[in-house]
Amino acid sequence: NTEININMKFTYDDALSLVHEFIHKTNYSKYHKENRHLLTEFLSIYFEEYGKKYLIEKGISEDSFVDDRIISTFKSASYFNWYGLVLLTYNEIGNIDENSYKFLNKYYGINIKKEEFEEECKVVLEKIKNEEKKFNLDHCNEKEIDEEKKYKYLSRLGNENYRYVIGTVLAYYALKHCDVNKIIYLNDHINEFPYTNIELPEVLKTIGINLYDITIDELVGCVEDEFKQRKSQVTK
């Protein structure tokens, strides 16, 4: 059994939160493969936004919604940018020292200065410390903190935000170009063959997203179009 707790805001955003988390529940499996891990945010964001458009079509005004998926995705993208270089370096060469910034300059042509890299390391370290405090508080009623569980929790910090960024981009493209019934089918069978045995681009092909034919600009453009539309509505 899985349990999902949702903090209610007593706005129409609660309905969208329920949709988002419900979709996570429908495609959850303790035996899930990598494709589900990568696509679960896409599926939840897609149906969350599908639900929002449905409510607006039924007469709920746009300003009845407080949360904005695109704004929160911008935050995730910015946040990921803060610690992305540090985690990339750690992933490639292991423990980081005062000369690790040279790796980025030599192999990735980033041209980052030592002082700049050290500042980024401080941000990452502070983030990890804050998350460790949060974990300890969340488990303060337990007799003993499970250190392995805590390590796994902290080690996931680097891969959570990118799923929201990718998920949002794919969701807005799918809302414009894909058949909802194909996405429902994918959601219901994501943990089954053949989806468990084929690469992500092939999975996306089954719902009409061909990453070999679509440019990055086309994918991101759907988010930009939605954002411009929302800005114009706010201006009005």
Discussion item. Between Thr215, Thr196, which is on the phi < 0 side of the Ramachandran plot and free of Cβ contacts under 8 Å to residues at least 12 places away in the same chain?
Written reply: Thr215
Worksheet item: Restricting the stretch 116-126 to residues that are open to solvent by 50 Å² or more (accessible area, probe 1.4 Å) and within 24 Å of the chain's Cα centre (by Cα), which is farthest from Lys102 (Cα to Cα)?
Response: Glu126
Discussion item. Every residue in the stretch 142-160 that is open to solvent by 100 Å² or more (accessible area, probe 1.4 Å), more than 25 Å from Thr89 (Cα to Cα) and either modelled with pLDDT of 85 or more or of a type in the set (A, V, I, L, M) (or both), please.
Written reply: Glu144
Worksheet item: Picking from Glu131, Glu115, which residue would you name as being more than 26 Å from Tyr164 (Cβ to Cβ) and in a helix (DSSP H, G or I)?
Response: Glu115
Worksheet, complete the sentence: If we ask which residues in the stretch 170-181 are in a loop (DSSP other than H, G, I, E, B) and open to solvent by 50 Å² or more (accessible area, probe 1.4 Å), their number turns out to be 1
Discussion item. Please count how many residues of the stretch 182-218 are of a type outside the set (Asp, Glu), at pLDDT 90 or above and assigned to a helix (DSSP H, G or I).
Written reply: 12
Worksheet entry | Residue count for the stretch 68-83, restricted to those that are over 30 Å from Ala15 (Cα atoms) and either touching a residue at least 12 places away in the same chain (Cβ under 8 Å) or more than 27 Å from the chain's Cα centre (by Cα) (or both) | 2
Worksheet, complete the sentence: Listed by first then second residue, the pairs whose first member lies in the stretch 39-62 and is charged (D, E, K, R), whose partner is in a loop (DSSP other than H, G, I, E, B), with beta carbons under 7 Å and at least 6 positions apart or on separate chains, are Lys52/Phe65
Worksheet, complete the sentence: Matching residues in the stretch 134-169 (among the basic types (Lys, Arg) and part of a loop (DSSP other than H, G, I, E, B)) number 2
Worksheet item: Here is a list of conditions, (1) at pLDDT 85 or above; (2) more than 18 Å from the chain's Cα centre (by Cα), and Ile45 meets all of them except one; can you say which number that is?
Response: (2)
Response to the item:
Considering residues that are open to solvent by less than 30 Å² (accessible area, probe 1.4 Å), aliphatic (A, V, I, L, M) and closer than 24 Å to Tyr172 by Cα, the number found within the stretch 64-107 is 1
Discussion item. Would you confirm, using the coordinates I've provided, whether Asp13 is among the acidic types (Asp, Glu), surrounded by fewer than 13 Cβ atoms within 10 Å (Cβ to Cβ), over 16 Å from the mean Cα position of the chain (by Cα) and farther than 18 Å from Ile184 by Cβ?
Written reply: no
Worksheet item: If only one of Ser29, Ser61 is over 19 Å from Ile190 (Cα atoms) and exposed (fewer than 14 other Cβ atoms within 10 Å of the Cβ), which one is it?
Response: Ser61
Fill in: From Lys75, Lys102, Lys106, residue being modelled with pLDDT under 85, of a type in the set (Lys, Arg) and more than 16 Å from Ile128 (Cα to Cα)
Lys75
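The values are calculated or read from the model by the stated rules, or taken from the named source; none is laboratory data. Worth saying up front: this structure is predicted, and the values here are computed from it rather than measured. Here the Cβ is made from the backbone with ideal geometry for all residues, glycine too, and neighbour counts use every protein chain on show. Note: accessible area is taken over every heavy atom of the protein model, side chains too, but ligands, DNA and RNA are not part of it. Shrake-Rupley method; radii C 1.70, N 1.55, O 1.52, S 1.80 Å.
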